[in-house]
Amino acid sequence: MTEWLQVAQDISSWIRQYTEKNSIKTLVVGASGGIDSAVTSTLCANTGMETIVLNMPIYQDQSQYDLSKNHIEWLQAKWPNIDAREVDLTSSFDSFRDDLKGNKITDLALANSRARLRMATLYAIAGSNDGIVVGTGNRVEDFGVGFFTKYGDGGVDISPIADLYKSEVYSLGEGLGILKQILEAPPTDGLWDDGRTDEDQMGASYSELEWAMSVEESKSTHNLSSRELEVLGIYRRFNEENKHKMSPIPIFQMKRD
């Protein structure tokens, strides 16, 4: 516990140093009701800086909405620098979807559009408050399987927990005293009406994907069970399919004299 409290302090200090160096006054973070955004917003609050925490429902499952709301209320009770806001983007999403009628937009594209509407909202708030958008992605999502929306939740200014495995985010959350119901809730991106979890979408748990990521980095694939081989295949497939998210944008190199 003490070790993780030190890690939390180190990350909050890192955020503070970055903002001071760049003359930033405000931190802006979206709260989804999940562990990653809960930990990130808490680390931001712990900087002592003005921290705007946004709940941005779009046809949100009630349980996810409640987790986000409860977490924000918990932050407000502990830190006076929290500015809690709610922006219901449901009508904006409806208008966006209606304007695209006749274009054969897929369900996946619409799901990702929810994340991009939230990103645009975060930047509108940040840009109006001398602020930056703080990312909530962890190491497995951001650098392993690319499980995020390009220019959605992947559109951020800094990423305080992007070097932490999901299991480490949970340990950090326990150390910070994050609400038990958030610690115990199945991870979900909240972009689907049917409430599907991250594991439902990927076919593997975060602990399994962490293992696969470590195996890929160590290049040790001897004596694996059938399930381990399956998980490794899942990891490799997502990693390959999502390289475009995790790599720099390709740029044509002009030949100049």
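Things to note:
- Violating pairs (Cα-Cα greater than 18 angstrom) within the set LYS25/LYS150; LYS150/LYS243; LYS25/LYS245: LYS25/LYS150; LYS25/LYS245
- Extended-chain gain in nm, criterion 0.36 nm per residue less alpha-carbon gap, ASP194 and PHE96: 33.2 nm
- A crude spin-label estimate for the pair THR221 and SER167, with each label 7 Å from Cα along the Cβ direction, gives 2.2 nm.
- When each of LYS78/LYS180; LYS69/LYS101; LYS104/LYS166 is checked by Cα-Cα distance, pairs over 24 Å: LYS69/LYS101; LYS104/LYS166
- DSSP bridge pairs, the range 2-196: antiparallel proportion in percent, nearest 5: 0
- The trypsin sites (Lys or Arg not before Pro) of the range 150-257 meeting both criteria, a DSSP state outside H, G, I, E and B (loop) and at most 10 other C-beta atoms within 10 angstrom of the site's C-beta, are LYS219, LYS255, ARG256.
- Once both labels are positioned 7 Å from their Cα atoms along Cα-to-Cβ, the gap between PHE143 and LYS25 label points is 3.4 nm.
- When its C-alpha radius of gyration is set against 2.2 N^0.38 Å (N residues), the range 51-142 gives a value of 1.23.
- Backbone N under 15 Å from the SER207 label point (7 Å along Cα→Cβ), restricted to the range 166-195: 166-171, 184-187
- Dipole in debye (nearest 20) - the range 2-196, about Cα centre, beta carbon charges: Lys, Arg +1; Asp, Glu -1: 300
- Tensor-based shape of the chain (alpha-carbon gyration tensor, a/c under 1.5 rounded, otherwise prolate or oblate): rounded
We did not get these values from a lab; they are worked out from the coordinates using the rules stated. Source: prediction; values computed, not measured. For neighbour counting, all protein chains shown are included, and Cβ atoms are generated from backbone atoms with ideal geometry for every residue, glycine included.
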